[in-house]
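The values are calculated or read from the model by the stated rules, or taken from the named source; none is laboratory data. Because the structure is predicted, anything quoted here is derived from the model rather than measured. Quick reminder, even Gly has a Cβ in these numbers, built from the backbone with ideal geometry, and neighbours come from all protein chains shown.
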């Protein structure tokens, strides 16, 4: 079953938003362990950048695979 473009976008958004929470937590807690101290605002900016990249990547990959013909 193929997804519509809108369904692909919704799926990518849900996937990415859930990743946003994990990414923010990791940016704020893990990076200081490697000597990269940052504020909450810095962590939020880093997370937003990676979230936009992830959303774009997920959508493009989903559309690519949905465009391939299924050979039976």
Set 6, 26, 33: member being free of Cβ contacts under 8 Å to residues at least 24 places away in the same chain, closer than 16 Å to residue 60 by Cα and assigned to a helix (DSSP H, G or I): 6
Residue match in the stretch 61-68 (condition: within 30 Å of residue 2 (Cβ to Cβ), modelled with pLDDT under 85 and not in a helix (DSSP H, G or I)): yes
Selection count where residues are within 16 Å of the chain's Cα centre (by Cα) and surrounded by 14 or more Cβ atoms within 10 Å (Cβ to Cβ), scope the stretch 27-55: 9
